[in-house]
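Student: Got a structure here, written out as structure tokens. Questions coming.
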Amino acid sequence: MDEFLTAAATTLVERLAGEAWESAVAAIGGLWRQAHPDRGDTVEAEAVDTRTAALRARTERDDAVAADLVGEWRSRLRRLLAEHPEAVDELRRLLDDGPTARGAGRLSQRAEASGRSRIVLAGRDVHITR
């Protein structure tokens, strides 16, 4: 279960920092509403806060903050599943149905450059600063 929780928290934080972040916020809020109807709005607000912190950590290349965010959500998910073990199936479904899961697969890229050219290849988000 520990590996699952870590993977779930990591995926959640990645999705919150991605383009489809609004659907990730709604999904995690919905998961909480099923177990604690009065906490859904609060959890959604916390997810938005996580997005802000994750984007800042990405910009500043602060891996420690990113790891802390994953740890926080891992703890939240662990507590939720301890109280409501039936929520594990819904959490799995949310993770499997997300945009990352649909886009998963094999990626192959090739590039050639000459002279003073620069090439950037990425399978996901790229943030380049000069």
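The values are calculated or read from the model by the stated rules, or taken from the named source; none is laboratory data. Quick caveat, the model's predicted, so the values are computed rather than measured. Counting neighbours? That spans all protein chains shown, and the Cβs are built from the backbone with ideal geometry, glycine included. Heavy atoms of the whole protein, side chains included, go into the accessibility calculation; ligands, DNA and RNA do not. Shrake-Rupley method; radii C 1.70, N 1.55, O 1.52, S 1.80 Å.
Student: Please list the three semi-axes, largest first and in whole Å, of the ellipsoid equivalent to the chain, using sqrt of 5 times the eigenvalues of its alpha carbon gyration tensor.
Tutor: In descending order the semi-axes read 32, 16, 13 Å.
Student: If I build a Gaussian network model for the chain, linking alpha-carbon pairs within less than 10 angstrom, which residue out of Arg51, Arg110, Arg78 has the largest mean-square fluctuation?
Tutor: Arg110
Student: If you stretched the chain out fully between Arg33 and Phe4, how much longer would it get, using 0.36 nm times the residue separation minus the C-alpha to C-alpha distance?
Tutor: Result for the pair: 8.3 nm of gain on full extension.
Student: Next question. Can you work out the accessible area per residue across the chain, with the rest of the protein chains kept in place, probe 1.4 Å, in square angstrom?
Tutor: About 68 Å² of surface per residue is accessible.
Student: What FRET efficiency do you get for Arg93 and Arg56 if R0 is 30 Å and r is their Cβ-Cβ distance, rounded to the nearest 0.05?
Tutor: Taking R0 as 30 Å, the efficiency between Arg93 and Arg56 is 0.50.
Student: State the percentage of accessible surface on region 11-63 attributable to carbon and sulfur atoms; use a 1.4 Å probe and exclude ligands, DNA and RNA.
Tutor: The nonpolar share, carbon plus sulfur, comes to 46 percent.
Student: Now a separate question. Tell me the label-point distance for the pair Asp68, Arg110, using the 7 Å Cα-to-Cβ offset, in nm and rounded to one decimal.
Tutor: 4.5
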